[in-house]
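Report on one structure; see the data block that follows.
The values are calculated or read from the model by the stated rules, or taken from the named source; none is laboratory data. Note that the structure is a prediction, hence the values are computed from the model and not measured. Glycine also receives a Cβ, built like all others from the backbone with ideal geometry; neighbour counts cover every protein chain displayed. Side chains are part of the model used for accessible areas, which takes the heavy atoms of the whole protein and leaves out ligands, DNA and RNA. Shrake-Rupley method; radii C 1.70, N 1.55, O 1.52, S 1.80 Å.
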Amino acid sequence: MKNDENKFDIIVVGAGHAGCEAALAASRMGEKTLLLNLYLDNMALMACNPSIGGPAKGHLTREIDALGGEQARATDATTLHIRWLNTSKGPAVRTLRAQCDLGAYHRWYKKACEVQPNLYLRQEQVTDLWVEKGRARGVRTQLGTVYEAPCVILTTGTYLGGKVFIGTASFPSGPLGQMAATELTMSLKEAGLETGRLKTGTTPRIHAKTVDWKSLDLQESDPEPLRFSHWGQKKRYEGFACYLTRSTEETHDIIRANLDRSPLFTGVIKGVGPRYCPSIEDKVVRFPDKTSHMIFLEPVARESAEIYMQNFTTSLPFDAQVKMVRSLPGCGRAWIMRPGYAIEYDYLPPTQLHPWLESKIVEGLFCAGQINGTSGYEEAGAQGILAGINAVLRRRGEAPLVLERSQAYAGVLVDDLVTRGTEEPYRMLTSRCEFRLLLRHDNADRRLAPIGRRLGLIDDERWVELQRRWKAMEDELKRLEERVIHPGEKTNALLTAAGSSPIKEPVKAAELLRRPEVTWDLLAELDPPPEPIDEEISGAVAVKIKYKGYIERQKNQVERMNKMERVLLPPGFDYDSVPGLLSESRQKLKKMRPATLAQAGRISGVTPSDLQILWVALERSRRKGGNSSGETLEE
Ligand SMILES: Cc1cc2nc3c(=O)[nH]c(=O)nc-3n(C[C@H](O)[C@H](O)[C@H](O)COP(=O)(O)OP(=O)(O)OC[C@H]3O[C@@H](n4cnc5c(N)ncnc54)[C@H](O)[C@@H]3O)c2cc1C
């Protein structure tokens, strides 16, 4: 079947966390978009823990939101439990983490896609990518349907060639018993794309009624009203809690006794697993001196008795899992409803992509999410919205959106993927970001919402609300810079009580706020503002004032990096004609074809002296009127 009804501007394959964001962005930008999924009841399925956020991941969720995406809204609408993390570690790494209702989260995305104009949803398995003369033309499905579009976005998650392992048992499957997609990989290989194999895993789910909750440490939601989305309704969350238990020496003995039946340790699983989310058997083997690991028991849905066991990922045999679970305090009678498992799947090494997530091999083909070697809903969502936006810009012949490393965690994520690639599931970490103080949870709107607005992803109402908030922030900043606090008995008593030294002379409020012990709340007690101020605004103002020096320093570093970012390396640059490059560097540069000198510098193995040599060669070529472009790098 091939007809005009099946012609689209953009086709998205996979309605997971990346696919939904991509399809929503493209259709909201006015393109006729088709979203194909194996099964419509698993759209935006939270295959692992139904939690959103945490360090770096929470930053990504806020960035998706600021660009006009759905993830933070879906989170706010379905949160069961929420907390601030890293509150004592400074503003750069402070972020929210929410435990969501898995079913409600899926329904939220499904509805958002169903009501979205220009977006067409269909349940079909894509088996072939249709490519002609190196250009994507569309896709073919298991039913023989051909869908046509100049841009195709692949977001197939862990489903391509999915194979599940539990002890010595293994079978083809997607996550949580979903069917795998078995044919598409072959077609991608035929199109000239390189594929690889990765693995990830998850924990057993146990029945809530079989846990002795009273014996465990309780962790409730933070007491204050919270929200993830910049435009969300702040709410207080009660009624659901997370609980802490720990592995014991007995647990570790059971694990060691069963390693000979572990697919991870017997070499049955070939794919590399996530370093930052290892299985419990990995932890026991890698850290033999550690006698206990923390395990959080967390609800998965309002209407479900299933409990997720955070930090207890395993693919050991089912009988061993039962014993392991029952060796944990509070879980002596626990009934496993679903066993833990490992899953191996095909991915496309992301160095095959341009920085705007389009394939270097097949024009008009974009990839986002776990297919690019990442792990996580937030990583997937961030790539998804960028792929959706860029597919639209590509179709319109407009310049792509490439976020800089100094502009967004999403920029760091994409740059790491396309420049360095990944041979294990890539997870976003705050340590991957060199400008953490600039990329905060609290300023995602100021960094990215103007872009979302320009692209048509933020409507008038939300834009007006942001303008109001930014104005209030500027006003408060100005007020504190101008306002003078005079010494006095009450003032000095309050300062002393906060552990700060008393003042002898009048001092500007902003100067006082720069003291580490002085909070905005204390300042408001010393000198109340004329009107009450929302704490998100006062918090953001306090960060700007307190960290002004550090922020300025990072901005200077960004300026230095931007200079290298502006030195372009032409796509056909002849690295063989540059004498003096290390041969490893030459090889990698030829393979990766970085777009800028800065990107070349981020390729592992390319040294500062290689960069210097390259820069000299570029300059020489530029003076001769050769193929180099971009600006000169001043010393
Ligand atoms: C076992 C397991 C453990 C995980 N552990 C963690 C964790 O600890 N922390 C964390 O942050 N993340 C974890 N994740 C990862 C998280 O689930 C994924 O990173 C995230 O879902 C990836 O989003 P995605 O959009 O790329 O793909 P997915 O959410 O997997 O969605 C892919 C979609 O594509 C569809 N699809 C695939 N192939 C086709 C086709 N040929 N035709 C039509 N439709 C197709 C599928 O139906 C699916 O809806 C885990 C995932 C699994 C499976």
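Overview of results
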{"read-out": "Where only alpha carbons of region 1-159 are counted, the Rg and the Dmax (Å)", "value": "17.3, 60"}
{"read-out": "Peptides ranked, highest mean first, by Cβ atoms within 10 Å: ranges 316-323, 337-344", "value": "337-344, 316-323"}
{"read-out": "Trypsin sites (Lys or Arg not before Pro) restricted to DSSP loop in region 94-152 with at most 10 other C-beta within 10 Å", "value": "K133"}
{"read-out": "Inter-probe distance in nm under a simple model that places probes 7 Å from Cα toward Cβ, at S604 and K624", "value": "3.5 nm"}
{"read-out": "With every protein chain in place, the chain: carbon and sulfur % of accessible area (1.4 Å)", "value": "51 percent"}
{"read-out": "Centre separation in Å (Cα based) which lies between region 392-458 and region 493-535", "value": "36 Å"}
{"read-out": "Using a Förster distance of 56 Å, the FRET efficiency for K111-D319 (Cβ separation, nearest 0.05)", "value": "0.85"}
{"read-out": "Unit charges on C-beta of K, R, D, E only; dipole of region 566-630, Debye", "value": "180 debye"}
{"read-out": "Whole-number D in µm² s⁻¹ for region 205-342, Kirkwood Cα-pair radius fed into Stokes-Einstein, 25 °C, 0.890 mPa s", "value": "150 µm²/s"}
{"read-out": "The chain - percent relative contact order, Cα under 8 Å, separation 6 or more", "value": "16 percent"}
{"read-out": "Fraction of the pair-distance distribution of region 459-611 above 20 Å, Cα-Cα pairs, percent", "value": "65 percent"}
{"read-out": "Lysine pair count for region 53-211 [Cα-Cα under 19 Å; pairs on different chains or 8 or more apart]", "value": "4"}
{"read-out": "Nearest-20 debye value, region 461-552 charge dipole, Cβ charges on Lys, Arg, Asp, Glu", "value": "280 debye"}
{"read-out": "Rh (Kirkwood; distinct C-alpha pairs) - the chain, Å", "value": "26.4 Å"}
{"read-out": "Relative contact order (%) - region 205-342, alpha-carbon pairs under 8 angstrom, separation at least six", "value": "37 percent"}
{"read-out": "Diffusion coefficient, µm² s⁻¹, Stokes-Einstein with Kirkwood Rh over alpha-carbon pairs of region 566-630 at 25 °C and 0.890 mPa s", "value": "213 µm²/s"}
{"read-out": "Antiparallel %, DSSP beta bridges [both residues in the chain], to 5", "value": "75 percent"}
{"read-out": "Where trypsin sites (Lys or Arg not before Pro) fall in DSSP loop in region 464-553, at most 10 other Cβ within 10 Å", "value": "K504"}
{"read-out": "Dipole of region 205-342 [Lys/Arg +1, Asp/Glu -1 at C-beta], most positive-end residue of S315, T251, G332", "value": "S315"}
{"read-out": "Qualifying GluC sites (Glu not before Pro) in region 227-258, DSSP loop, other Cβ atoms within 10 Å at most 11", "value": "E238"}
{"read-out": "Computed accessible area, I295, all protein chains, 1.4 angstrom probe, square angstrom", "value": "0 Å²"}
{"read-out": "Test item: Cα-centred dipole of the chain, Lys/Arg +1 and Asp/Glu -1 on Cβ, debye", "value": "860 debye"}
{"read-out": "Net charge, G53 excluded, C-beta distance under 10 Å - Lys, Arg +1, Asp, Glu -1", "value": "+3"}
{"read-out": "Surrounding net charge for S500, when Lys and Arg each add one and Asp and Glu each subtract one, Cβ distance under 10 Å", "value": "0"}
{"read-out": "Length gained when the stretch E465-Q587 is fully extended (0.36 nm per residue, less Cα-Cα span)", "value": "38.8 nm"}
{"read-out": "For peptides 491-500, 587-596, sequence by mean Cβ density within 10 Å, most packed first", "value": "587-596, 491-500"}
{"read-out": "Residue-count net charge about G330 - beta-carbon cut-off 9 Å; Lys, Arg +1, Asp, Glu -1", "value": "0"}
